[in-house]
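Q: The structure's right below; bear with me while I get my questions together.
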Amino acid sequence: MAQTRILALVGSLRAASINRQLAETAVQTAPEGVEITVYEGLADIPFYNEDLDAEGVVPAAAQALRDAVAAADGLLIATPEYNGTLPGVLKNAIDWASRPYGAGALKGKPTAVISASISPNAAQWAHGDTVKSLGVAGASVVESAHLHFATIGERFGVTHPREDAEALTALAATVHELVQATRGELAAV
């Protein structure tokens, strides 16, 4: 069986972000035959602008994202919650990857969403907005692969998620569900 490639997009640009740590921990949970890569470079992508989205003028950073999404078998999105919604950098990545509308790199791509926040809400508003945006953009959102982490400042303030057995188990289950969807073994919504 061919290698399954999962691309992880992290909605926080902060190097020590717990959402980044969760994505990096998901990399460690990948079973044999599955490669998860955390995408670097979201900060370099300009805001989506149709004037920049024409053949021959697409910014290199935006094209690199589109190419990476197109080459992946599935996406794992890790989103924090900023002011009750998803971060602008993540929405911008979704916008670029969705174009041209109806035929963008996101079209039909199995996608799982992880949300994490310092609040007891577990970034569920950001999660919902991310799922909505991905669905409108044409991604195939895998509902059974969703995962939420609440009060992460307390939970992971001293301990990295890779040292939390419950987090490892939950992330492994999310990766498993997403991989099944990429192989057509699980229906996405």
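Q: Answer yes if at least one residue in the range 146-154 is on the phi < 0 side of the Ramachandran plot and of a type in the set (S, T, N, Q), and no otherwise. Don't jump to the end; show me each part of the working.
A: Our first condition is that a residue be on the phi < 0 side of the Ramachandran plot; within the range 146-154, this holds for 146-150, 152-154.
Applying the additional criterion that residues be of a type in the set (S, T, N, Q) yields none.
No, the range 146-154 contains no residue that is on the phi < 0 side of the Ramachandran plot and of a type in the set (S, T, N, Q).
Q: Just to be sure, is S98 in contact (Cβ under 8 Å) with a residue 12 or more places away in the chain, under 24 Å from R155 (Cβ atoms) and of a type in the set (G, A, S)? Explain how you work it out, then say what you get.
A: Details: in contact (Cβ under 8 Å) with a residue 12 or more places away in the chain: yes; under 24 Å from R155 (Cβ atoms): no; of a type in the set (G, A, S): yes.
Answer is no for this residue.
Q: Tally the residues that are part of a loop (DSSP other than H, G, I, E, B) and either touching a residue at least 24 places away in the same chain (Cβ under 8 Å) or surrounded by 14 or more Cβ atoms within 10 Å (Cβ to Cβ) (or both), restricting the search to the range 132-189.
A: Taking the range 132-189 and keeping what is part of a loop (DSSP other than H, G, I, E, B), we get 138-139, 142, 146, 150-151, 156-160, 164, 183-189.
Next, from what is left, pick out any that are either touching a residue at least 24 places away in the same chain (Cβ under 8 Å) or surrounded by 14 or more Cβ atoms within 10 Å (Cβ to Cβ) (or both): 138-139, 142, 146, 150-151, 156, 160, 164, 183, 186, 188-189.
Counting residues in the range 132-189 that are part of a loop (DSSP other than H, G, I, E, B) and either touching a residue at least 24 places away in the same chain (Cβ under 8 Å) or surrounded by 14 or more Cβ atoms within 10 Å (Cβ to Cβ) (or both) gives 13.
Q: Next question, about the same structure. Test of understanding: among L65, L75, which residue is touching a residue at least 60 places away in the same chain (Cβ under 8 Å) and not acidic (D, E)?
A: On the way: L65 fails: touching a residue at least 60 places away in the same chain (Cβ under 8 Å).
The conditions single out L75.
Q: A122 passes all but one of (1) modelled with pLDDT of 95 or more; (2) crowded, with 19+ Cβ neighbours inside 10 Å; which number fails?
A: Just one mismatch for A122, condition (1).
Q: Could you please let me know if I94 is in contact with a strand residue (DSSP E or B) (Cβ under 8 Å, 6 or more places away or on another chain) and crowded, with 18+ Cβ neighbours inside 10 Å?
A: Working: in contact with a strand residue (DSSP E or B) (Cβ under 8 Å, 6 or more places away or on another chain): no; crowded, with 18+ Cβ neighbours inside 10 Å: yes.
For I94, the condition - in contact with a strand residue (DSSP E or B) (Cβ under 8 Å, 6 or more places away or on another chain) and crowded, with 18+ Cβ neighbours inside 10 Å - is not met.
Q: May I pose another question? Can you confirm whether A126 is aliphatic (A, V, I, L, M), touching a residue at least 60 places away in the same chain (Cβ under 8 Å), part of a helix (DSSP H, G or I) and out of contact with any helix residue (DSSP H, G or I) (no Cβ under 8 Å at 6 or more places or on another chain)?
A: Details: aliphatic (A, V, I, L, M): yes; touching a residue at least 60 places away in the same chain (Cβ under 8 Å): yes; part of a helix (DSSP H, G or I): yes; out of contact with any helix residue (DSSP H, G or I) (no Cβ under 8 Å at 6 or more places or on another chain): yes.
The answer is yes for A126.
Q: So if I check each of V58, V27, V89, which one is over 26 Å from L147 (Cβ atoms) and surrounded by fewer than 24 Cβ atoms within 10 Å (Cβ to Cβ)? Don't jump to the end; show me each part of the working.
A: On the way: V27 fails: over 26 Å from L147 (Cβ atoms); V89 fails: over 26 Å from L147 (Cβ atoms).
When all the criteria are applied, what remains is V58.
Q: Looking at T29, is it polar (S, T, N, Q) and touching a Gly at 6+ places or on another chain (Cβ under 9 Å)? Walk me through how you get there before you give the answer.
A: Numbers: polar (S, T, N, Q): yes; touching a Gly at 6+ places or on another chain (Cβ under 9 Å): no.
When the stated conditions are applied, T29 does not pass them.
The values are calculated or read from the model by the stated rules, or taken from the named source; none is laboratory data. If you're wondering where the values come from, they're calculated on a predicted model, not measured in any experiment. Counting neighbours? That spans all protein chains shown, and the Cβs are built from the backbone with ideal geometry, glycine included.
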